[in-house]
Amino acid sequence: MILEKFSLEGRCGIVTGAGSGIGKGIARGLAEAGARVALAGQNLEKVDAASREMNGDGLKTVPFRVDVSEERIIADLVRSVVQEFGRIDFLFNNAGTIYRSPFPDFPLEEWERVIKVNLTGPFILSQAVARHMIEKGIKGSIINTSSLIAVFGGVTVAAYAATKGGLTQLTRSMCNDLAKYGIRVNAIGPGWVKTDMTKAIREDPVRFKGISDRIPLGRWADPQDLAGLAVFLASDASSYITGQVIFIDGGYMVM
Ligand SMILES: NC(=O)c1ccc[n+]([C@@H]2O[C@H](COP(=O)([O-])OP(=O)(O)OC[C@H]3O[C@@H](n4cnc5c(N)ncnc54)[C@H](OP(=O)(O)O)[C@@H]3O)[C@@H](O)[C@H]2O)c1
């Protein structure tokens with residue numbers, strides 16, 4: 001039956017950056033669909049609080065500390081999650097960071113930091129998780145969080161735009177290399193979502209109005225708006241979808 005294909009009962013996975021914003025919304029959706037979810041974040045207090053909140057609602061989550069820019073810590077995360085759950089069926093590379101500066105002044109150290117968190121982190125973590133899936137014969141799902149900015153370029157966000165464009169191609173490349181193991185790799189491309197990352201833009205009345213006026217659905221997304229797509233991509237309901245970037249933007253791209 002079709003609704004059973006959306007169920008994540010018996011599945012286990014990781015969401016990075018799960019202590020806030022989109023990651024928290026997605027993690028809750030995956031857990032509500034029946035999965036056991038490792039909430040991985042840099043700030044242990046944040047993922048711990050998110051986990052207590054979700055578990056209080058009867059969901060099954062476990063908090064883990066990770067800095068996705070640290071290769072050794074990523075290896076520890078994968079080991080610890082396998083120890084806790086026994087297996088990893090899905091990985092959501094959601095953690096991300098941004099730095100804003102006009103291009104001529106963009107500091108090299110910020111360029112390197114953003115690349116490490118947004119692009120190298122997903123590369124290392126996906127590799128570790130893919131190796132686990134291959135070894136255990138798990139036909140898993142890896143999902144990356146790209147952005148509209150992968151297509152539009154954005155303003156004053158050179159490193160961020162480069163990483164989101166890079167994630168799109170990493171998604172396609174991983175799709176081609178991992179399909180033979182039955183591992184699917186997709187990306188979601190959120191539009192404008194009400195999170196800490198977009199707080200400064202939402203507080204700028206001119207930019208806020210300019211963006212809001214262009215969203216056909218007439219509102220910014222809440223993190224929970226992304227949960228349905230997350231569940232779909234992690235579940236058997238999307239069993240023939242791989243290598244795709246699916247935008248979830250209230251129609252912004254086509255306006
Ligand atoms: N908001 C939007 O409109 C929008 C649009 C398109 C794409 N996105 C993408 O969506 C993802 C989530 O962003 P958000 O909007 O939900 O903002 P957010 O609330 O600021 O979430 C970012 C998350 O990433 C985590 N993180 C940052 N650096 C990390 C690191 N080195 N290691 C581990 N975790 C790290 C943060 O954890 P700590 O707080 O513990 O550092 C935080 O939980 C990002 O990839 C972002 O690029 C957002």
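Two numbers describe the Cα atoms of the range 1-148: Rg and Dmax, which are 15.7, 56 Å.
Across the chain, the mean sequence separation of Cα contacts (distance under 8 Å, 6 or more residues apart), normalised by length, yields a relative contact order of 21 percent. Pairs from the list Lys139/Lys194; Lys5/Lys199; Lys24/Lys116; Lys24/Lys164; Lys46/Lys116; Lys5/Lys46 with a Cα-Cα gap above 30 Å: Lys139/Lys194; Lys5/Lys199; Lys5/Lys46. Note on Phe106 and Gln127: their simple-model spin labels are 2.4 nm apart, each label 7 Å out from Cα toward Cβ.
Ordered by the number of other Cβ atoms lying within 10 Å of each residue's own Cβ, fewest first, Asp196, Asp236 fall into the sequence Asp196, Asp236.
Legend: calculated FRET efficiency, Glu45 to Ile201, from the Cβ-Cβ distance at R0 = 22 Å, rounded to 0.05, equals 0.25.
Residue-wise HN-Hα couplings along the range 237-243, as the Karplus relation 6.51 cos²θ - 1.76 cosθ + 1.60 with θ = phi - 60° gives them from phi, are 4, 10, 4, 10, 9, 8, x Hz; Gly and Pro carry x.
What does the charge count around Val62 come to, taking other residues whose C-beta lies under 12 Å from its C-beta (Lys +1, Arg +1, Asp -1, Glu -1)? Net local charge, Val62 excluded: +2.
Diagonalise the Cα gyration tensor of the range 84-240 and give the resulting equivalent ellipsoid semi-axes, square root of 5 times each eigenvalue, largest first, whole Å.
On the way: eigenvalues 183, 75, 30 Å².
Gyration-tensor ellipsoid for the range 84-240: 30, 19, 12 Å.
Using the Cβ of Ile149 as centre and a radius below 12 Å, the other residues enclosed give a net charge of +1, where K and R count +1 and D and E count -1. Between the amide H of Ile246 and those of Ala187, Ile188, Gly189, distances stay under 5 Å, these residues lying 5 or more places away or on another chain, with hydrogens modeled in the peptide plane. Only helical runs count toward this figure. For the chain, summing -39,500 (n - 2.57) over DSSP H runs of n ≥ 4 and dividing by all residues gives -13500 deg cm²/dmol at 222 nm.
Taking the number of Cβ atoms within 10 Å of each Cβ as an exposure proxy, the fewest-first ranking of Tyr160, Tyr240, Tyr252 is Tyr240, Tyr252, Tyr160.
Translational diffusion of the range 10-55 was estimated from the Stokes-Einstein equation, with Rh taken as the Kirkwood radius over Cα pairs; at 37 °C and 0.692 mPa s the coefficient is 327 µm²/s. The fewest-to-most ranking of Cys12, Cys175 by surrounding Cβ atoms within 10 Å reads Cys175, Cys12.
A short reminder: the numbers here are calculations on the coordinates, not readings from a lab. As the structure is a computational prediction, the values presented were derived from the model and not from experiment. No Cβ is skipped: glycine too gets one built from the backbone with ideal geometry, and neighbour counts run over all protein chains shown.
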